[in-house]
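All remarks here apply to the structure that follows.
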Amino acid sequence: MSTDTKKAIAARTAMAEGLNVILKDTVVALGRVFCRPVLITDGSRMLEQIIPFRYLTPQQREALLEDVSEEVYEPDAVLLEQGDRSDNRVLLVIEGSVVARDSVGGLPGQSSIVRAGHYIGERAALFGEPRAVEVRALDHVRVLAIPGERFLRLIHESTPFAQALGGILRDKQGIFAAFSRFRVALLQQVGRGSVDLEELLPLYEELRPALHPYASSPHTLDVGALAYAVRRLPDNVTRTLSFYLTDALPALYTNPEERFIPVTTAARRRSVYEMLQGRAWCSSGTGFRMSPIS
């Protein structure tokens, strides 16, 4: 066999082996990260096993798989970088395990392991937050990477998905813990017969209310929130010292429009009546009656 023939055979063999590697393992390779399209059958089967994705319809799962990619990581490779603001992917671990830990100020041993059949990284997509922890591969890892925007679309497209996700966020992330503390404290005060707004204020600040973005700022007057609230108060609110709440309206007041003077409200319409000067009551819209007393 001539030298040229041997070279040609070797070249064809190397090309075939290289092509097999590409077809078998990767379409795009970046460092230790390998990306490839997701097979509909395998991806759909995995989504069926992971809550809340299992609550999507088969059609919704197939549509989702068209927008995700499979990524492969070698041991010790970084999947998510702590502090990264540009990456809002949600990762579904379909093979292997990853460890999430604070690589900046965390103490040794303070970490959590996420194994196959679970997902990680949803806070960046939901709240636009920088990555709070670093996520590294513990072994050979395969994940399905969902773009953050696509993940948010699922919440709008599927009510069962959104409800299941809300339950997970409540338990896993403690996302409603601040609201629960505020509610418990408020009900305790109502049970004692009075509501102390100053005592509730620190708990209210923990809620980080969207309508009151500067609630925790000691130096910023939240004009927008103030304007929103003031326009929804009855015009005679400045003549009120305290409020009395009751769910049992005396029979004498069942037809207030016949006995008292109506009080207007600039924005939100409420049934408010002035009983005496500086004394009024209004319907809260929930079956309760609120009667200010001065």
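The values are calculated or read from the model by the stated rules, or taken from the named source; none is laboratory data. Since we're looking at a predicted model, the values are computed, not measured. Neighbour counts run over all protein chains shown; Cβ positions are idealised from the backbone, glycine included.
At-a-glance table
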item	result
Pick from region 156-167, criterion more than 10 Å from the chain's Cα centre (by Cα) and of a type outside the set (G, A, S), ranking: nearest to Y119 (Cα to Cα)	F161
Subset tally (residues that are without any contact (Cβ under 8 Å) to a residue 12 or more places away in the chain and within 11 Å of the chain's Cα centre (by Cα)) for region 145-155	1
So A132, is it of a type outside the set (S, T, Y) and out of contact with any strand residue (DSSP E or B) (no Cβ under 8 Å at 6 or more places or on another chain)	yes
Tally, over region 240-264, of residues that are within 28 Å of G193 (Cβ to Cβ), at pLDDT below 80 and of a type outside the set (S, T, N, Q)	12
Top-ranked residue of region 103-162 - restricted to ones that are among the polar types (S, T, N, Q) and in a strand (DSSP E or B), ranked as farthest from I51 (Cα to Cα)	S111
Strands (runs of 3 or more DSSP E) contained in region 6-97 and holding at least 3 residues in contact with a strand residue (DSSP E or B) (Cβ under 6 Å, 6 or more places away or on another chain) and modelled with pLDDT under 90	33-36
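Here is a yes/no grid of residues against (1) in contact with a helix residue (DSSP H, G or I) (Cβ under 6 Å, 6 or more places away or on another chain); (2) buried (at least 17 other Cβ atoms within 10 Å of the Cβ); (3) of a type in the set (K, R):
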{"position": "Y119", "(1), (2), (3)": "no, yes, no"}
{"position": "F151", "(1), (2), (3)": "yes, yes, no"}
{"position": "H156", "(1), (2), (3)": "no, no, no"}
{"position": "E199", "(1), (2), (3)": "no, no, no"}
{"position": "R208", "(1), (2), (3)": "no, no, yes"}
